[in-house]
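Single-structure report; data block below.
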Amino acid sequence: MKPEGFSTRAIHAGQEPDPQTGSVTVPIYQTSTYAQADIGQHRGYEYSRTDNPTRSALQTALASLDGAAGALAFASGMAAEATVMALFGPGDHVIVSDDCYGGTYRLFERVYRKYGLRFDFVDATRPEEVERVVCPETRLIWIESPTNPLLKIVDIRHMAEIGHAHGALLAVDNTFASPYLQRPLELGADIALYSATKYLGGHSDLVMGTVSLADVEVHDRLKFHQNAIGAVPGPMDCWLLLRGLKTLAVRMERHQQNAAAVARYLAGRTDVVTRVLYPGLEEHPGHDVAARQMSGFGGIVTVEVAGGLEGASRFMRSLQLFALAESLGGVESLADHPAVMTHASVPKEAREAAGISDGLVRLSVGIEDVEDLLADLDAALNALDSRATAVR
Ligand code: P1T
């Protein structure tokens, strides 16, 4: 049989009908423990922190989608990150792409630095910057691509080459692309990590994280830490994520179709829009690399409006369909203000140096009818325009 396609695996991998009842969806094994026939005689399941059948099904599906040796699920994206970082110890050096989720910056700088890890934040879109700081103690290169919130594109294959030449692993936070649009392990990365809260779940109804591993030895070490630390998701959330995965491909197609239309529209509003960031726009500096390593450009568009914080605030308040909220990747459209909301934990100087200005608004373009989304944006920008004109 020829290898199955992405959507087929999303729906079937690890999800065969239940042998006992024929249930076509994986049962929610809402149990903490498992009866043993005799001391130490169990059927692969002893205790649900260690393993749970609903979580096992999910992990099998995730590994299949990423072409991984194995995958592991966690209670949140941050729990996944924290557990990955627990693989490292005092004196280990980590290179991080400078534009990353604010919580990632906070975890590394405010938590793991205390345990003797050293972090260098660099612009990974410039590989020479990574080469400049890499050293014999470098154990990990950590990148996002596209980055949150500036949608910078980092050349994953090139980062893997640099890392491996120095004996370091490459981890890619692939939250923004999802495995449907980009598969970091196929490009040479060792670890692909997700805030599954976003596109994988897709319905803004759960908080979870997942990690896919290229190598079985790294997988086994991370599984040891998953059990030892214990930041695991419950079976109900694993089931919701399994359900979300089944429609990942169709949702991503629609997300990016709508996002491309939104980006094109915003790029035409030069009267009140000062910057539009979307890797699908030819003028985006990462467009060529994105076209090479992704099969589409994703559903996030970041825009800078005139008038700084006041302009952004007026624009966001005027939106009717886009909810003013943190997070992204759900079916409904959301608007986030990185400087005050998701990236407030990044110091102001670091934010500004990276280009996260007060006028910046991150749009998670949902799968609603695109005409309605464009009309909503149009009305909100017009409100901005008339107020700006009135002030003048
Ligand atoms: O929120 P949680 O599931 O713990 O995932 C953290 C995380 C990790 N990586 C990336 C790229 C992320 O965007 C996030 C979470 N981000 C938001 C909540 C946000 O609105 O950007």
Review point. For ARG317 and GLN36, what does the FRET efficiency come to when R0 = 56 Å and r is the distance between their Cβ atoms, rounded to the nearest 0.05?
Key: 0.45
**Study point:** Kirkwood hydrodynamic radius of the stretch 256-392, from inverse mean 1/r over distinct Cα pairs, in Å
**Key:** 15.2
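Taking 51 Å as R0, compute the FRET efficiency from the Cβ-Cβ separation of GLN257 and LYS114 and round it to 0.05.
Working: r = 45 Å, r/R0 = 0.88.
After rounding, the FRET efficiency stands at 0.70.
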Check your understanding: Excluding VAL207 itself, what net charge comes from residues whose Cβ is under 12 Å from its Cβ, given Lys and Arg +1 and Asp and Glu -1?
Key -> -2
Check your understanding: For ARG132 and MET236, FRET efficiency with R0 = 35 Å and r from the beta-carbon atoms, rounded to 0.05?
Key -> 0.15
Point to revise | Inter-site label distance for LEU309 and ARG49 at 7 Å from Cα along Cβ, in nm | key: 4.3
Exercise for review: Just tell me which lysines come within less than 22 Å, Cα to Cα, of LYS114; anything on the same chain fewer than 8 places away is out.
Suggested key: LYS348
Revision key, fill the gap. Taking N as the number of residues in the chain, the ratio of its alpha carbon radius of gyration to 2.2 N^0.38 Å works out to 1.01
Revision key, fill the gap. Expressed in nanometres to one decimal, the distance between label points 7 Å along Cα→Cβ at GLU217 and GLU16 is 3.1
Practice item. Just tell me, in residue order, which DSSP H segments of the chain are both 18 angstrom or longer along the helix axis (alpha-carbon based) and at least -0.5 in mean Kyte-Doolittle hydropathy. Key: 53-66, 248-267, 370-391
**Study point:** DSSP beta bridges in the chain [antiparallel fraction, %, rounded to 5]
**Key:** 55
Review point. Using the 10 angstrom Cβ neighbour count as an exposure proxy, how do TYR29, TYR47, TYR105 rank, fewest first?
Key: TYR47, TYR29, TYR105
Point to revise | Estimated 222 nm signal from helices in the chain, with DSSP H stretches of n ≥ 4 weighted -39500 (n - 2.57), rounded to 500 | key: -11500 deg cm²/dmol
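Report D for the stretch 77-199 in µm² per second (integer): Stokes-Einstein, Kirkwood Rh on Cα pairs, 37 °C, 0.692 mPa s.
Using the Kirkwood radius from Cα pairs, D works out to 232 µm²/s.
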Practice item. Report the local net charge at PHE176: Lys and Arg +1, Asp and Glu -1, summed over other residues whose C-beta lies under 12 Å from its C-beta. Key: 0
Study note, to complete from the structure: Looks like the stretch 159-256, by Cα gyration tensor root eigenvalues a ≥ b ≥ c and the a/c under 1.5 rounded cutoff (else prolate when a/b is bigger than b/c, oblate otherwise), is oblate
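The numbers here are math on the coordinates, done by the rules we state, and not lab data. All values derive from a computational prediction rather than experimental measurement. All Cβ positions, glycine included, derive from the backbone under ideal geometry; neighbour counts span all protein chains shown.
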